[in-house]
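Here's the structure we're looking at; comments come further down.
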Amino acid sequence: MEYFPFWSHPTKPPGHATAGTLQAPVQPVRNNPVPREQRRFRWWRVPGWLLLPVILYGLYRSIPWPGSRGQAPVSSGFQLSGNFGELRPHHFHMGLDVRTDGKEDLPVYAVGDGYISRVLIEEYGLGKALFVTHANGTTSVYAHLNRFYDAVQTRVETMQRKRQQKAINQTFAAGEFPVSRGQQIALSGNTGGSEAPHLHFEIRDTRTGHNLNPLLKGYEMDDDTPPILGSLYWYNRQFSTYRMGANPISITGSAGKYRAAKPVIKVRSPRISLGIGASDKNNDSRFRLGVYRTVTKLDGKVVHEATLDDIAPTDSRYINACIDYPRWTRTGSFVQHLATLPGNHLTAWQGSGLLDLSDGRVHEVHIQLYDVNGNSSSFESSVQYAGALETPPAKEPGAVIITPGKARTVSGPSVTLQFSGKTFYDTVAFVLKQKTAAPQAVSAAIGLHTAAIPVHDRYTVTLRASHTLSPAARQQVVMQLNTGKKKYTVKGQWQGASMVATLNELGTVQLLRDERPPTVEPAGWEDGQLFKNESIALKLTCLDDLGTMADFRATCNGQWLLYDSKGKDFVVYIPANCPAGKQQLVVTATDVAGNTTTKTISFRKDR
């Protein structure tokens, strides 16, 4: 077990930045008139009562981190398919994805002494999750679970039945569910936003709620492989990154040493920034993981650095400012900016990253990539402004210029959009476009610029109906956003002849009248089927033409039933005390528009 004594701190990998990395060095004070012997600190001269906080802090720091070597949350150890800070759609990965070999219902163990402080059950996101609070100021999180250990599972099911709802977000006091290091606390699964069986594991600062990099908190693994630099790009920063695309730079090298394919990189702008496609691997995993830290220098001076060891959950969406978002929407691949866009307020991104090449001279650029174990890769090359300017594309007619930090309202013939100053990360020449409306549309279909531009916070859309609707018809109207890859349906509020809703992506928006209720069908079993096993789980498929279910409810003999769901699939659990014979399962499914289907399906229980 590893301990951090009070006179030391958990060490960070070589090359880790200090708070003053981007600041000018402090000049030493000379000719100090105070004699050396008077300036020397002697601890025995300090009153004892002043040393008490230091002693208490030292005792606190001597408590081992919950993840000290020797205890992993699953028996197979830390075999990762995803690491902390890895680039994901619309969020940084906030923990570790621990492999379970494609299996569910494997034992999950507490990594340290503590107590169950919170239980979360949500449709997406973490799915079923347990939070264990430890004495050292951290909380460990175990997510995408199938089941909690018996005492917690019983309490949760009691709450679900009492509230007659699946979703739970419940906190517990310290004495209710104490756990010991190595104690089994759950079974692994594939719930929530998980796309394959695995355990999502996090370490959070209990006081601030920030997610901490677990690989800096005592969790270690064999890794002697440096990060991989797969691609390099330059951006013309005389203009918005959304107006000017990425320009590829041919690179060569391997095993931690990279350079440009040509002696000097010639660029067509006096001011540029760089972007990289990079990944990392460890010795125990075939998966490509995220890079922990980047440092960019121009002529030996640090112009940008990014270190992913502490991220507030509310800041995770800033990933869309840290990547070439338009390129990601087109290709699905991540290119990380080695620069800070104007609207990026993530504290992990430091320095502008702008390379001033306006003097026309040859400059030296240096990029260093690190993983948490201190393995590093470097890129070194020369760069020069070639004199010829890259020609920007023409602005579209009617474009409204929106800059980061300024709230704007954009209006068209039937739509009004309200953006806060935090909505955009870089300057956008925003345009509205008329699109082809769907057959069931009751408004014009309006293209809100392009889905290839990210938005940070939610913005307000006010969209007017194209004709007068009866009160009954208005109740069936929803607002739908189509990004080209996904469709989002929301139930807005009517204000006069317009519906008002908030969205957090761009795309094509329109009002649709939804008159069709969802469908409910048994999946893998038939109406009237006989079940001989004591434990019965009935799977149902619920489909709606405009989206997912807004509400689901199942009863048997008037008793509300526990259920699990993922996408269109719902599994209801028949209680063990259900009597033998023919039973009636009553299922009610409601879509976003409020259309409801109630279906009664019979089944027979043997005994």
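The values are calculated or read from the model by the stated rules, or taken from the named source; none is laboratory data. Worth saying up front: this structure is predicted, and the values here are computed from it rather than measured. Reconstructed Cβ throughout: ideal geometry from the backbone, glycine too, with neighbour counts over all protein chains shown.
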Being of a type in the set (A, V, I, L, M, F, W, C) and over 30 Å from residue 385 (Cα atoms) is the requirement here; does residue 232 meet it?
no
Name the single residue that is nearest to residue 191 (Cα to Cα) among those in region 100-137 being surrounded by 23 or more Cβ atoms within 10 Å (Cβ to Cβ) and among the small types (Gly, Ala, Ser).
129
What are the pairs, 6+ residues apart or on separate chains, where a residue within region 327-349 that is of a type in the set (D, E, K, R) has its Cβ under 9 Å from a residue that is assigned to a loop (DSSP other than H, G, I, E, B)?
327/245; 327/246; 327/333; 327/334; 327/335; 327/452; 330/452
Right, residue 352: within 22 Å of residue 95 (Cα to Cα) and surrounded by fewer than 18 Cβ atoms within 10 Å (Cβ to Cβ) or not?
no
Show me the strands (runs of 3 or more DSSP E) entirely contained within region 270-313 in which 3 or more residues are aliphatic (A, V, I, L, M) and within 26 Å of residue 386 (Cβ to Cβ).
271-279
Mind checking which pairs have a first residue in region 70-87 that is over 19 Å from residue 336 (Cβ atoms) and not assigned by TED's automatic domain parsing to the domain that holds residue 98 and a second that is part of a loop (DSSP other than H, G, I, E, B) and β-branched (Val, Ile, Thr), Cβ under 7 Å, 6 or more apart or different chains?
71/111; 73/111; 74/100
Within region 73-115, residues of a type in the set (A, V, I, L, M, F, W, C) and in a loop (DSSP other than H, G, I, E, B) come out as 74, 78, 84, 94, 106, 110, 111
